[in-house]
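Student: Please see the structure below; I have some questions.
The values are calculated or read from the model by the stated rules, or taken from the named source; none is laboratory data. Everything quoted here is computed from the prediction, not taken from an experiment. Reconstructed Cβ throughout: ideal geometry from the backbone, glycine too, with neighbour counts over all protein chains shown. Ligands, DNA and RNA are excluded from the accessible area calculation, which covers all protein heavy atoms including side chains. Shrake-Rupley method; radii C 1.70, N 1.55, O 1.52, S 1.80 Å.
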Amino acid sequence: MEFQIRIVKSSPLTGENDYKKVAVKFLKMIGYMAENANEDSLPYRLFECFLLYPNKFWTVEELMATLNATKASVYRHLNKLKSMDILEEGKEGEGKNIKKTYRLKYGNLAKAWNFVEAHVKVAMESYNETVQHLQKLVERRYKE
């Protein structure tokens, strides 16, 4: 699965005491939400389900009902969160009635965020290798 995150140089949002304002700004900073989105937007409300009920395993149907959203819309934003690896999957039901469920990894945003940072580190290391290789190729070109 493709992993995407936007990195911006910014001060920590520790001066704000309203969790919704912090979450909205943060989610925009990392590229999960569009710049014009707010706390009423579907991506925010989906994230808030996991944030406020971190130990709850949600089915897509529960999310659709809670958010009054279509399956396609829920999956679109759910997949963004899954690609960052901050959600974990579970299963509910038995036999042919098994449904996938989702919750915040380890039931804790801070612990889940460690996985995001690990992915960023791996990506940066890969970029560094590519840059080093590119530099060698360019230098070799001048020597020939």
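Student: Please build a GNM for the chain, connecting alpha carbons under 10 Å apart, and tell me which residue among Val116, Val24, Val131 fluctuates the most.
Tutor: Comparing Val116, Val24, Val131 in the GNM, the peak value goes to Val131.
Student: For a paramagnetic label modelled at 7 Å from the Cα of Asn68 toward its Cβ, which residues of segment 44-62 fall within the zone defined by backbone nitrogen distances under 19 Å?
Tutor: The answer is 44-50, 61-62, whose backbone nitrogens lie closer than 19 Å to the label point.
Student: Over the chain, give the accessible area per residue in Å² for a 1.4 Å probe, as an integer. Don't skip to the end; give the middle numbers.
Tutor: Working: 9890 Å² over 144 residues.
Accessible area per residue: 69 Å².
Student: With each run of n ≥ 4 DSSP H residues scored as -39500 (n - 2.57), what mean residue ellipticity at 222 nm is computed for the chain after dividing by its residue count and rounding to the nearest 500 deg cm²/dmol?
Tutor: Details: 5 runs with 78 residues, N = 144.
Mean residue ellipticity at 222 nm (helix-derived): -18000 deg cm²/dmol.
Student: Follow-up. Take every Cα-Cα pair in the chain and report what % of them are more than 28 Å apart. Can you show the working numbers first?
Tutor: Values: 3106 of 10296 pairs.
Cα-Cα pairs of the chain separated by over 28 Å account for 30 percent.
Student: Which whole-number percent gives the relative contact order of the chain, counting Cα pairs below 8 Å spaced six or more residues apart?
Tutor: Working: 132 pairs, mean separation 27.9, N = 144.
It rounds to 19 percent for the chain.
Student: Here's another thing I want to ask about it. Using r as the Cβ-Cβ distance of Ser41 and Glu92, and R0 as 35 Å, what FRET efficiency do you calculate, to the nearest 0.05?
Tutor: Numbers: r = 27 Å, r/R0 = 0.78.
After rounding, the FRET efficiency stands at 0.80.
Student: What is the dipole size for the chain, taken about its Cα centre, with +1 at each Lys and Arg Cβ and -1 at each Asp and Glu Cβ, in debye to the nearest 20? Display every interim value, and only then the final one.
Tutor: Details: 24 positive and 19 negative charges, 48 e Å.
In debye, rounded to 20, the chain gives about 240.
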